[in-house]
Every structure is written in structure tokens, then in C-alpha cells.
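So the structure is just underneath, and the comments pick up after that.
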Amino acid sequence: MNVVALIDFDAAGAATGHRLVDPDAPQLLVTDLGATRGDGIFETASLVHGSVQALEAHLQRLVQSAAMLQLPAPDIDVWRDAVREVGATLTAGGVTEGSIKFVLTRGVEGAGVPTGWVFGTDSPDFTADRTDGIRIVLLDRGYRHDVSQTSPWLLAGAKTLSYAVNRAVQREAARRGADDVLFVSSDGYLLEGPTSTLVMRMGGRLVTPRVDIGILAGTTQADLFAWAESAGFATGYELLTPDDLAAADAAWLVSSVRHVAPVRAVDGAARAIDAELTARMNAALDARTE
């Protein structure tokens, strides 16, 4: 099942509301800079049993990405209403687990009016990823961990539509017999997956890479850490290396729709997974509300 809501804008580029449209009808002009240049931003939230999870965190990250690209600041109230209506429509149609993607582009070149839409659909079945685990490869991202300070124009840490590299590394992972990728900086620090955040258990602590190294602040990872702290785990944001990953008691890639996927192999080397903790993590994420 697919549901689409368009964001309406006035001539000055201010959002005025939203409307549901036919998901099978064309809605995007071929001259839109989102299509021709990848000039835009997006967020993807999970819908579980009628709840759009971490909605406020996703909306705030949309605002941050818009500022980094110098796009018009999203009207949070308009976007929130659109996302909620798409989620409610999916739920009414029988969807128990879905994804909702919201997109803002610079619009048609020269028009000065952005384009925005919200797209909701059923989620794939991630049961195997969440229980059996995934095989990952470490791939060089091609820049240092401090790129966001040295070269802010590269937009490291913004969730942009320019996903050609992220798709290319997924194909490279498949070529190497793996399921996903974890990026490593050119100076040897663990970063993030193409669509996920790394979390590792080291004894009684859960750690993740620092968010000032040109990576996205993970919305799902933040919720996971909040649960972990209530469950008695210490949490931390650190500079981490492949040696830290090899020494960790367990590791996961965490994302909005797939949720918690334990890592069962790195570069072809098998590693143990913590099935009991993984199940607790996924149950905690499923229980979230907005």
C-alpha cells in the first residue's frame, strides 16, 4: 500500500498545508532540482502499530539538513500534520509496519519555490536481519574524520538526496558477499553505514561513533540509548576504530525502518551475536510512540 501527501507552498516559498494525492499519478516535474541535481533533503521514519516513531527527532533533523543546504526552513507543523495523516491512512489500510519518507527539494530551477512530499508504504520483512544478523564490509569513505570542520561544503552530516555513493557501496557489499557496509574514514575511524548507525557493546557499555565526525546523529540510536540507560547500561559517543569493533562483545547497525540488526560477520570473519540483547532492543524500539 502506498500513500502520498504533497506539501503546498505559496509564491514566496512558505508551506501552507498538505493534501493527499493519487500515489499512482505523476507528481514531480522533470525540471525539479531534486530530480536533476539531487538538490534536496529527506528523512525516513518508521510506522509501527499506528505510531510514527521518533517523529519529532526526524523533523528536527530535517530542519538541520535544510539549514546546511540553505533551503527554506521547513514549517514543522505542516510537515508533522502531513506525516501523521499519511501514517493514519496506512494504518487504516491495514499496515502494521511501514516507512514514511518526507522529502524537501529546492524545486524547479529558478522558480524560488521548494517542492515537498511525504510518501508512506509497507516495510519489507526484516525478521531475518533482526534475528540471524547481517554480514558487513568496511569500506573507505575517502575523507578524514574531521571533514565537517575542514570542508563543510561537502555537507557531511546532512541527509541529502545525493545517494549515488550510498547505493554504489551497497552493490559493492553484495559483490563481496555481504549485506551492508560500515564506512571508515581515510584516517582510520569508524563512521556509519549508508543508512544506519553503528552501536557496539563493550562490557556493560553501549558506544557509538561521535556525531561531530561528519556523520548523521542517529534518531533510532538516540532512542536506543535512552532505553539502554533505563536498563542499566552506560552509554557513550567515542572515536572508534576497526580494532575496537573486533574487540567488542557485540555490534549492531541501527536504523529507523530495519531497527536493530546484529553484525554476524565483518569482512568475512564471523563474530558472535547477542541474540537476547538484540531481542530486547528491538522490543524496546517497537514499543516507542512519537
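The values are calculated or read from the model by the stated rules, or taken from the named source; none is laboratory data. All values derive from a computational prediction rather than experimental measurement. For neighbour counting, all protein chains shown are included, and Cβ atoms are generated from backbone atoms with ideal geometry for every residue, glycine included.
Just a yes or no: is a residue in region 114-134 more than 20 Å from LEU47 (Cβ to Cβ), in the same structural domain as VAL266 (by TED's automatic domain parsing) and either of a type in the set (Phe, Trp, Tyr) or assigned to a strand (DSSP E or B) (or both)?
yes
Within region 249-258, can one find any residue that is of a type in the set (Gly, Ala, Ser) and free of Cβ contacts under 8 Å to residues at least 40 places away in the same chain? Outline the logic, then answer.
Within region 249-258, the subset of a type in the set (Gly, Ala, Ser) is 250-251, 255-256.
Checking which are free of Cβ contacts under 8 Å to residues at least 40 places away in the same chain leaves us with none.
Taking every residue of region 249-258 in turn, none turns out to be of a type in the set (Gly, Ala, Ser) and free of Cβ contacts under 8 Å to residues at least 40 places away in the same chain.
Consider region 185-203. How many of its residues are buried (at least 21 other Cβ atoms within 10 Å of the Cβ) and either assigned to a strand (DSSP E or B) or at pLDDT below 95 (or both)?
Of the residues in that region, 5 qualify.
Determine whether ALA270 is assigned by TED's automatic domain parsing to the domain that holds GLU172, out of contact with any His (no Cβ under 7 Å at 6 or more places or on another chain) and in contact (Cβ under 8 Å) with a residue 12 or more places away in the chain.
no
Could you tell me which of the residues PRO262, PRO242 is more than 15 Å from the chain's Cα centre (by Cα), of a type outside the set (Ser, Thr, Tyr), surrounded by 21 or more Cβ atoms within 10 Å (Cβ to Cβ) and in the same structural domain as VAL184 (by TED's automatic domain parsing)?
Of the residues listed, the single one that is more than 15 Å from the chain's Cα centre (by Cα), of a type outside the set (Ser, Thr, Tyr), surrounded by 21 or more Cβ atoms within 10 Å (Cβ to Cβ) and in the same structural domain as VAL184 (by TED's automatic domain parsing) is PRO262.
Conditions: (1) without any contact (Cβ under 8 Å) to a residue 24 or more places away in the chain; (2) under 20 Å from the mean Cα position of the chain (by Cα). THR44 meets all but one. Number of the miss?
The failed condition is (1).
Going by the structure shown, is LEU33 within 14 Å of the chain's Cα centre (by Cα) and modelled with pLDDT of 95 or more?
Spelling it out, it is not the case that LEU33 is within 14 Å of the chain's Cα centre (by Cα) and modelled with pLDDT of 95 or more.
Farther than 25 Å from LEU69 by Cα, touching a residue at least 60 places away in the same chain (Cβ under 8 Å) and not assigned by TED's automatic domain parsing to the domain that holds THR36, is that true of LEU161?
No, not satisfied.
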